[in-house]
Every structure is written in structure tokens, then in C-alpha cells.
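The structure appears below as C-alpha cells.
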Amino acid sequence: MKKLNKKKLLNWINNIATTILFAALIGMLFVVVSAKASGGEPEIFGYQLKTVLSGSMEPDIQTGSIIAVKPGGDMTRFQKDDVITYMEEEGKLITHRVVEVMNNGEHVMYRTKGDNNDAPDLTPVLSENVMAEYTGFTIPYLGYLVSMSQSQNGAFLLLVPGLLLLCYSGFIIWKAFKEIEPDKSREQHQDRENESLSS
């Protein structure tokens, strides 16, 4: 009974490990291919995936996270407490929370603030500079991998889960053959015994 439970546990662990390695390989493939195809950050089902490289929105959005933002639509629609992604003057994307909506003649501007910052941002954001709205979807730490995958040596990252999966698969196949061989020997021995009994 203990042997059977141990075998079930090992099979369960094997299945989980294989699934994780496959998911890592497919995830890295998607990230690299999607980023290269779009010429920037990955995109899926109309949502853009952005890498967060600062801690200004912690604890909700951790440094090194991937977040999903929805681009397009009326950029004057945002209200207090919405989280927006906008372009700063130097061409840097920032994701901060709206703390005040200001109407200045024909223009709508937003005063923004990082949740982890002590004070609001110095310069109000013109609605024309808003790129997208944060959807609330975040994956911690994956942003570090995305940043690395977009570097010159990023393609080599695909080799890591790929090689691990290959080695692991080889080990599982070898182990399966090892388990089959004693079973065959046992069956042959049983057949011989049955033959001797019948004669």
C-alpha cells in the first residue's frame, strides 16, 4: 500500500514538473516572439503587457511585474482613483493613479501619484498623453524575464526551460523503461511457472 502511494505521489510530482516546464517554455516563446513582432512589448487580445521597473505603485504593483493595460478609447474618461499609463515628456511610460481631474478650457488634465510616493507628480498629465488604462492584472517578477528576453542575448533564455524539459523528458522515459523491464521479467517468470504447473 505504501509503495502504491509513493508511486502515485511521484507520478503527481512528475506531471506538475512537466507542466511547469512546458508552461515556462511556451510563455518565454510567446513573450519573445510577440515582443519582436510588435517591435516593443508583447500584446495579447488587445491588451498590452508592460514591464514595471520602479516601485512607485507598490504594494499593488511590485517592481519587476508584468501588467496588462488596455489602450484606446476616450482618454478624457478617467476619474479619480483610476490607474493610467501615460507618456512622460522624455518618452518614458509611467503607470500612476489619478488623484485629481482638471478641466483647463478644451483640455482635460490629470494630476497623478504613485501609491508608494509621498507627493503627487509635479506635472499634470494631458489626456492626449495617456496611452492606456491599467486593468488590474499583474504577474509579479515576470517583467525581469521580459526585459532580459528583449536584450541581445534574450533568445538564449529560451534554451533554459527547453533544455530542462528535454533532460527531464529523457529521465522520465529512462525511468519508465526501467520500470517496464522488471515487470516483463516477472511476467516471463510467471509464464514459466504456469507452464511447469500445467505439464
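Where a number appears in this text, it was derived from the coordinates with a stated rule and is not lab data. Every value quoted in this text rests on a predicted model; they were computed, and no experiment measured them. Backbone-built Cβ (ideal geometry, glycine too); neighbour counts: all protein chains shown.
Contact annotation: residue pairs with Cβ atoms under 8 Å, 6 or more positions apart or on different chains, pairing a residue in the stretch 132-144 that is surrounded by fewer than 13 Cβ atoms within 10 Å (Cβ to Cβ) with a partner that is not in a strand (DSSP E or B), are Tyr141/Gln62; Tyr141/Gly64; Tyr141/Ser65. Look at the stretch 51-71: where a residue is of a type in the set (D, E, K, R) and a partner is part of a loop (DSSP other than H, G, I, E, B), sitting 6+ places away or on another chain with Cβ atoms under 8 Å, you get Glu58/Asp115; Glu58/Asn116; Asp60/Asp115; Lys70/Gly46.
I'd like to check something: does the stretch 53-74 contain any residue that is among the charged types (D, E, K, R) and over 30 Å from Ala23 (Cβ atoms)? Checked against the condition, which is being among the charged types (D, E, K, R) and over 30 Å from Ala23 (Cβ atoms), the stretch 53-74 yields at least one hit. Against the conditions (1) in a loop (DSSP other than H, G, I, E, B); (2) under 23 Å from Ala23 (Cα atoms), Gln48 satisfies every one except (1). The residues of the stretch 114-138 that are more than 13 Å from Asp60 (Cβ to Cβ), of a type outside the set (S, T, N, Q) and either in contact with a helix residue (DSSP H, G or I) (Cβ under 8 Å, 6 or more places away or on another chain) or not in a loop (DSSP other than H, G, I, E, B) (or both), listed by number, are Val125, Leu126, Glu128, Val130, Met131, Ala132, Glu133.
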